[in-house]
1. Can you pull out the residues in the stretch 119-135 that are under 13 Å from E59 (Cβ atoms) and exposed (fewer than 11 other Cβ atoms within 10 Å of the Cβ)?
2. Name the residue that is surrounded by the most Cβ atoms within 10 Å (Cβ to Cβ), counting only residues in the stretch 90-100 that are hydrophobic (A, V, I, L, M, F, W, C) and either free of Cβ contacts under 8 Å to residues at least 12 places away in the same chain or outside any helix (DSSP H, G or I) (or both).
3. Taking T116, is it buried (at least 17 other Cβ atoms within 10 Å of the Cβ), under 20 Å from I66 (Cβ atoms) and without any contact (Cβ under 8 Å) to a residue 40 or more places away in the chain?
4. Which ones in the stretch 66-89 are in a helix (DSSP H, G or I) and without any contact (Cβ under 8 Å) to a residue 12 or more places away in the chain?
5. Give the number of residues within the stretch 50-65 that are within 16 Å of L134 (Cα to Cα) and assigned to a helix (DSSP H, G or I).
Amino acid sequence: MNKKLTQKDFDDFKESIEDLIKLYKESRLSKMENAEESEEERLARLRRFGQELRKDIDEAGKFVKIKEEQGRKSKLTPQEKAYILIIKEYLGLSNRETAELASLLNLTKEEISYKTVERLYSDPDVFVILYNLLLKIVGGLKVDAVMDGLFPSSDQAL
């Protein structure tokens, strides 16, 4: 039962391991080439998403009237605010990360703080734009429900 390891056994083992490593490297390179193609496609899709989103937000915010309120005037337009909020949620960023990346990603022309990002959630102009976007998206769909998620008539069973 105790078989001794001979030089020939070792050489065979080494050769088979080298073959496996070679196969692994070849398959890894082909996966990397495929990943590069899919990465280019993802990048192109992300660019289209950003362009279409800006266009849709501009259209949704076309009729938003900014009411003059007390305090400092906002540096950002309602469209920029909505765009920042959507991108923040899409990328899963925190308020601080969004504020830091806003200039880098050309989300705004102005520097913003994390508090500005935090206040976007309660901004009525942003709400109206997001609501208009929702109406545009859902506009062509037939939805048999009301806003609270219940059925339209109470006599239907759940």
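Where a number appears in this text, it was derived from the coordinates with a stated rule and is not lab data. Please read all numbers here as calculations on a predicted model, not as lab measurements. Here Cβ is always computed from backbone atoms with ideal geometry, including for glycine, and neighbour counts include all displayed protein chains.
1. Hit for the stretch 119-135 is L135, nothing else.
2. So, considering only residues that are hydrophobic (A, V, I, L, M, F, W, C) and either free of Cβ contacts under 8 Å to residues at least 12 places away in the same chain or outside any helix (DSSP H, G or I) (or both), the one surrounded by the most Cβ atoms within 10 Å (Cβ to Cβ) is L93.
3. no
4. E89 - this is the single residue of the stretch 66-89 that is in a helix (DSSP H, G or I) and without any contact (Cβ under 8 Å) to a residue 12 or more places away in the chain.
5. 9
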